[in-house]
Structures are given as structure tokens and as C-alpha cells.
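Scroll down for the structure; my scribbles are underneath it.
The values are calculated or read from the model by the stated rules, or taken from the named source; none is laboratory data. What you are looking at is a predicted structure, and each value in this text was computed from that prediction instead of being measured. All Cβ positions, glycine included, derive from the backbone under ideal geometry; neighbour counts span all protein chains shown. The area values use the complete protein model at the heavy-atom level, side chains included, leaving out ligands, DNA and RNA. Shrake-Rupley method; radii C 1.70, N 1.55, O 1.52, S 1.80 Å.
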Amino acid sequence: MSKTLIRETGNIALISAILGVIQIIVTIPIGYFGGGAALGTLLGCAAAVINFALMGIILEKCVARGKGAQGLMGMGYILRLAIIAAVIIWAIKADYLNWVCAAIPLLFPRIAIYIINFIRRKERTAEKDERTEGNI
């Protein structure tokens with residue numbers, strides 16, 4: 001794994017954990033809170049971060065490989081989809097997990113990417129403004 005992938009996976013994991021805590025807090029007044037909600041959220045967050053990391057690892061291998069990368073991408077996609085399906089099926093079948101709380105965190109990496117892009121865009125705009133102010 002490259003340093004960039006490790007850093008980005010860490011960012012996704014941090015924001016997913018924050019969103020998971022928010023999800024657990026939201027389930028308290030709704031009446032869904034319990035051990036199943038907390039464990040489901042934990043399982044979903046872990047699966048989401050692992051899915052993101054696997055995607056990054058597979059993409060790095062495809063870029064390095066060049067030829068035959070399409071087949072590797074397809075197999076990687078099927079593997080990641082199978083992991084997500086296994087997590088959802090496990091959460092549905094297990095009495096000690098809330099399957100809704102396990103499924104929602106699978107969307108957290110997408111939300112995290114939007115948040116990260118928004119923050120980086122603001123930082124770039126601020127840097128650009130600082131550079132232009134110095135030239136005036």
C-alpha cells in the first residue's frame with residue numbers, strides 16, 4: 001500500500017467513525033439504540049473501510065500491472081461486492097445485530113469523500129487568496 005492510500009484510508013476511517021458515533025447518538029431518541037445498533041454500526045463501519053482499502057489496493061495493482069488490469073478490476077469488484085453482501089446477510093441473520101445500523105455505514109465512505117473534497121477545496125481557495133493578496 002502506498003503512503004497516499006494509507007493516508008486516505010485513515011481519513012475515510014476517521015470520518016466513518018465520527019459518522020458512526022453520530023448514527024449511534026441518533027438511534028437513542030428514535031428507540032433503536034441498544035447493543036445491536038452499536039454492534040451493527042461497528043460492523044458496517046469496519047466493512048466500509050475495508051471495502052475502501054481493498055478498492056485502493058486493487059486500483060494500485062491494476063495501475064502497476066497495466067495489461068490484464070480489466071480482469072483484475074472485475075474480480076476485485078466481485079470480491080468487494082461479496083464482502084458487502086456477506087456483511088449484510090450476517091447482520092440480517094444475527095439476532096444480536098441491527099441490520100439497518102449495519103447497512104447505513106456502507107454509505108459513509110462516499111459521504112467522507114464529499115467532506116474531504118469540500119475541506120480541500122476550501123484550503124486551496126484560501127491558499128490561492130493568500131497568494132493573490134501578496135501580489136497586489
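Once a ≥ b ≥ c are taken as the square roots of the eigenvalues of the Cα gyration tensor of segment 13-88, is the result rounded (a/c under 1.5), prolate (a/b larger than b/c) or oblate (a/b not larger than b/c)? Prolate, because a/c is 1.5 or more and a/b exceeds b/c.
Normalised by the residues of the chain, what does the relative contact order come to in percent, with Cα pairs under 8 Å and at least six apart?
So the answer I get is 34 percent.
When peptides 40-47, 10-17 are ranked by their average number of other Cβ atoms within 10 Å per residue, the highest-first order is 40-47, 10-17. Cross-link partners for residue 61 among the lysines, with Cα-Cα distance under 29 Å and sequence neighbours closer than 8 places in the same chain left out: 3. The mean sequence distance of close C-alpha pairs (under 8 Å, at least 6 residues apart), as a share of the length of segment 2-58, puts its relative contact order at 50 percent. Ligands, DNA and RNA left out, the accessible area of segment 13-136 computed with a 1.4 Å probe is 70% carbon and sulfur.
Among (1) 62, 38, 21; (2) 64, 47, 17; (3) 44, 33, 31, which is the computed Cα extents along the principal axes in Å? Among (1) 62, 38, 21; (2) 64, 47, 17; (3) 44, 33, 31, the one derived from this structure is (2). Rolling a 1.4 Å probe over the protein heavy atoms gives segment 13-115 an accessible area of 60 Å² per residue.
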